[in-house]
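Q: Got a structure here, written out as structure tokens. Questions coming.
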Amino acid sequence: MTTELQDRKLERGFAQLDVDGSGHIEREDIVGLGARLLVAFGESPTSVKGRSIIDRFEALWTALAAQVDVDDDGRLSPEEYRQAMTTAFIDGPDFDRVFRPAALAICELCDVDGDGVVGAKEFHAAQNAFGTSPDDAAAAFGRLDTDGSGTLTVDELVDATRDFYTGDEPDAVGNWLFGPP
Amino acid sequence: MTALALGMPETSTVDRSLLVRLSSRLPAIAAPCRVRPDVDRLGRDTMDWAVDAGLVYDERTATRLRRIRPEQLAARAFADFKYDDALLAAQWFAWTMLFDDELDEGARGRVPEAVDAVYADVIAALHGSATADREVSPIASAASGLWVRTIPRAGPAWPRRFIAELLKHYSACRGAAADRRIGRMPGVVEYREARSADIGIFLVNLIEPLVRAEVPQALFDSEPWQVLRASTADVVAWCNDIASLPKELASEDVHNYVRVIAHAEGIALPEAAEWLFERIVERIGDMFGAGRALDGELRRLGLDQRTARGVSKVACILLGTARGQLEWLLAASRYRPVP
């Protein structure tokens, strides 16, 4: 059972994938997000980092599709997406096995110099790929950068991802991952 | 004149060496391609299609298609897309290579007028203007069938772009036939320009309808996108020329970049092959340089998310070609001597 906060965040997650407005998400929508992230960072799909993104996004889709596909049409409706995310990652055991590696792969993509931190420019590039407006991205960075250092550690970002996609705490800073909740 | 007689390694060694040397030198192609788990089914369905289309009609033509292994290329380029997308891709790859063979090999490969006739049939079939009183060749009929299935997936600008690239292929193939007729070795610049057309750069255009995306004209015309397309074609062509050198030596076909360079520079074939290897390294660098410039271009053009993600899928398939076609060369036996 999800809270109203979790439902709002799940709706946002669905909208980030359903960019063609079809009202469903398919495997190609996740492939599209992965491709946009690779292009955002100029990363090759056949580099080690690029292949990691593709593999982990595929695992994400497989985990979601395995939970529900009531219509068996290879597409997830908003309700099926909510059920799948809840069963697999919010209430279920697969966040650490499946979702966290995908989040980590994205954060490592953003960490272009491999020093363990992500600057504002890289954060904005990733947000642009997700379809976040520049204002929302700036607000998100400001909230997540709790020590005002001007950078976010990869670990901080992965933790924020967990809060956003699974957490039900209204005051959790991760709720601001994509801007004002 | 054989490759072995000239101190060149056998083809399978060359294919493996290309993959190992390039992937160890270039982090951008260090990781293996994803391959569809249903690749064998893709191969069987492509063969069945070729039989139905009249492109395969005896053991010789079946063996030819088996040696091409178009499904190995499609299974990598379209690893994460629907089966029907990958199947259409495999069929287009099969058609293109069988079409190339029809244009390049045997007596037809030395007769420009024969190239004209083959192309006239194909273009007429694509335009739907083949007349009822004239028998349509299997290669033209197959092209028409593929075209009819592809058009509904494509944007409005796509057919014009595809035909324009196909006509460049025609021009290059005709020029090669004219050269073969008189035994003329093309010059280096001339060869390089023609080769990027006759490798089948029109195949690059197929990616858009196969993934149901359309590259907006402003992006298509941009420098990063043009460099990405051109460098992809060059990398495929030049790797192909290294792999196919023994075959072209055996058939005394001078249309091979290694042979053209060796002749122009007065150097031995192994040295020319090594020179071409270094050019391939540079050109792969150009591909990925263009890939890195794309994000800026997408943002400059203010593309909406749907369009940006669609062109990103196309870009990633293009960028994956550098590794994908090396793995295909190893998996296929197209350029190896027939046992």
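The values are calculated or read from the model by the stated rules, or taken from the named source; none is laboratory data. Quantities reported herein were computed from a predicted structural model and do not represent experimental measurements. All Cβ positions, glycine included, derive from the backbone under ideal geometry; neighbour counts span all protein chains shown.
Q: Could you check the range B:19-38 and list, in sequence order, the residues that are crowded, with 18+ Cβ neighbours inside 10 Å, more than 8 Å from chain A (Cβ to nearest Cβ) and at pLDDT 95 or above?
A: Selection gives B:LEU26, B:ARG36.
Q: Now for a separate question. With the requirement that a residue be free of Cβ contacts under 8 Å to residues at least 24 places away in the same chain, more than 7 Å from chain A (Cβ to nearest Cβ) and farther than 27 Å from B:ARG16 by Cα, what does the range B:300-339 give you?
A: B:ARG300, B:GLY302, B:ASP304, listed by residue number.
Q: Can you tell me which of A:GLY148, A:GLY116, A:GLY142, A:GLY92 is away from chain B (no Cβ under 14 Å), touching a strand residue (DSSP E or B) at 6+ places or on another chain (Cβ under 7 Å) and surrounded by fewer than 18 Cβ atoms within 10 Å (Cβ to Cβ)?
A: A:GLY116
Q: Let me ask something additional. With respect to the numbered conditions (1) at pLDDT 95 or above; (2) surrounded by fewer than 16 Cβ atoms within 10 Å (Cβ to Cβ); (3) in a helix (DSSP H, G or I); (4) away from every other protein chain (no Cβ under 14 Å), which one is the sole condition not fulfilled by B:PRO270?
A: Result: B:PRO270 fails condition (1) only.
Q: Please enumerate the residues belonging to the range B:170-208 that are in a helix (DSSP H, G or I) and either small (Gly, Ala, Ser) or within 14 Å of chain A (Cβ to nearest Cβ) (or both).
A: Going residue by residue through the range B:170-208, those that are in a helix (DSSP H, G or I) are B:170-182, B:188-198, B:202-208.
Answer for the range B:170-208, where residues must be in a helix (DSSP H, G or I) and either small (Gly, Ala, Ser) or within 14 Å of chain A (Cβ to nearest Cβ) (or both): B:SER171, B:ALA172, B:GLY175, B:ALA176, B:ALA177, B:ALA178, B:ALA194, B:SER196, B:ALA197, B:ILE207, B:GLU208.
Q: Pick from A:GLY32, A:GLY42: which is among the small types (Gly, Ala, Ser), surrounded by 18 or more Cβ atoms within 10 Å (Cβ to Cβ) and part of a helix (DSSP H, G or I)?
A: A:GLY32
Q: Might you check whether a residue that is in a helix (DSSP H, G or I) and more than 22 Å from B:ALA94 (Cβ to Cβ) occurs anywhere in the range B:137-151?
A: no
Q: If you don't mind, another one. What pairs come out if I take residues in the range B:13-31 that are assigned to a helix (DSSP H, G or I) and pair them with residues that are at pLDDT 85 or above and of a type in the set (Lys, Arg) whose C-beta lies under 6 Å away, six or more apart or interchain?
A: The qualifying pairs are B:ILE29/B:ARG323.
Q: Looking at the structure I just gave you, is A:ASP111 crowded, with 20+ Cβ neighbours inside 10 Å, more than 14 Å from every other protein chain (Cβ to nearest Cβ) and charged (D, E, K, R)?
A: Criteria met by A:ASP111.
Q: Moving to a separate point now. One residue is enough: does the range B:89-100 have a residue meeting the conditions more than 14 Å from chain A (Cβ to nearest Cβ), free of Cβ contacts under 8 Å to residues at least 40 places away in the same chain and part of a helix (DSSP H, G or I)? Write out each step before concluding.
A: Let us first name the residues in the range B:89-100 that are more than 14 Å from chain A (Cβ to nearest Cβ), namely B:89-100.
Next, only the ones that are free of Cβ contacts under 8 Å to residues at least 40 places away in the same chain stay: none.
No, that holds for no residue.
Q: Considering each of B:ARG16, B:ARG41 in turn, give the residue that is more than 30 Å from A:VAL39 (Cβ to Cβ), in contact with a helix residue (DSSP H, G or I) (Cβ under 7 Å, 6 or more places away or on another chain) and surrounded by fewer than 18 Cβ atoms within 10 Å (Cβ to Cβ).
A: B:ARG16
Q: Do you know which of the residues in the range A:4-52 that are under 19 Å from A:GLY179 (Cα atoms) and over 16 Å from the mean Cα position of the chain (by Cα) is nearest to the other protein chains (Cβ to nearest Cβ)?
A: A:LEU5
Q: Here's another thing I want to ask about it. From B:ALA178, B:ALA197, B:ALA154, B:ALA172, which residue is surrounded by fewer than 17 Cβ atoms within 10 Å (Cβ to Cβ) and either over 18 Å from B:ASP100 (Cβ atoms) or at pLDDT below 95 (or both)?
A: Exactly one residue qualifies, and that residue is B:ALA178.
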